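A.B. asks: Supplied in structure tokens, the structure appears directly below.
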Amino acid sequence: MKNFRTFFYFMAAMLSLGIGAAVAADMDLATAKRAGLIGEKTDGLVAATLPNPSPDIMSLVHRTNKGRLAVYRDLATKQSIPVNEVQKIAAKKIFNQAESGEFLMIDGQWKQK
């Protein structure tokens, strides 16, 4: 992609505004991640890390993913690239910014950073 660097910086800014604002507004996600109840996946979405999560955790996962997918779709449309490519780039950024102890899905397994 000719303008990949521009796109990457644009996406980083959008993710910081879109996802960062959602996390700041809903500290439950940050708390759930620190507690190891929710982790980050390689598609830029989150999931419960334990079997049989509570309805509250599942609700948080669904709300978070719904918001993230809206941001990803918007970016994909603006950049004329597939949504899954946006998700891959976002996941890399999220993984790099994850705090020590947070769970990340790596090779199909939950691992702590």
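The values are calculated or read from the model by the stated rules, or taken from the named source; none is laboratory data. This one's a predicted model, so the numbers in the text were calculated from it and none came from an experiment. No Cβ is skipped: glycine too gets one built from the backbone with ideal geometry, and neighbour counts run over all protein chains shown.
A.B. asks: If residue 58 satisfies every condition in (1) under 25 Å from residue 34 (Cβ atoms); (2) under 13 Å from the mean Cα position of the chain (by Cα) but one, which is the exception?
C.D. replies: The one condition residue 58 does not meet is (2).
A.B. asks: Identify all residues within the stretch 47-67 that are without any contact (Cβ under 8 Å) to a residue 24 or more places away in the chain and in contact with a Leu (Cβ under 6 Å, 6 or more places away or on another chain); write none if there are none.
C.D. replies: Hit for the stretch 47-67 is 65, nothing else.
A.B. asks: Could you tell me how many of the residues in the stretch 73-85 are in contact with an Asp or Glu (Cβ under 9 Å, 6 or more places away or on another chain) and either within 11 Å of residue 43 (Cβ to Cβ) or of a type in the set (A, V, I, L, M, F, W, C) (or both)? Full working, then the answer.
C.D. replies: Here is the first cut: in the stretch 73-85, the residues in contact with an Asp or Glu (Cβ under 9 Å, 6 or more places away or on another chain) are 76, 79, 84.
Then drop every residue that is not either within 11 Å of residue 43 (Cβ to Cβ) or of a type in the set (A, V, I, L, M, F, W, C) (or both), which leaves 76, 84.
Within the stretch 73-85, residues that are in contact with an Asp or Glu (Cβ under 9 Å, 6 or more places away or on another chain) and either within 11 Å of residue 43 (Cβ to Cβ) or of a type in the set (A, V, I, L, M, F, W, C) (or both) number 2.
A.B. asks: If you go through the stretch 39-57 one residue at a time, do you hit one that is surrounded by fewer than 19 Cβ atoms within 10 Å (Cβ to Cβ), modelled with pLDDT under 95 and on the phi > 0 side of the Ramachandran plot?
C.D. replies: Within the stretch 39-57, one or more residues are surrounded by fewer than 19 Cβ atoms within 10 Å (Cβ to Cβ), modelled with pLDDT under 95 and on the phi > 0 side of the Ramachandran plot.
A.B. asks: Here's something else I'd like to know. Any residue at all in the stretch 7-28 that is of a type in the set (Phe, Trp, Tyr) and at pLDDT 95 or above? If you could, list the steps in order and put the result at the bottom.
C.D. replies: Within the stretch 7-28, the first condition is being of a type in the set (Phe, Trp, Tyr), and the residues that meet it are 7-10.
Retained after the next criterion (residues that are at pLDDT 95 or above): none.
For the stretch 7-28, residues of a type in the set (Phe, Trp, Tyr) and at pLDDT 95 or above: absent.
A.B. asks: Let me ask something else about it. Given the conditions (1) part of a loop (DSSP other than H, G, I, E, B); (2) surrounded by 13 or more Cβ atoms within 10 Å (Cβ to Cβ), which single one is not true for residue 95?
C.D. replies: For residue 95, the failing item is (1).
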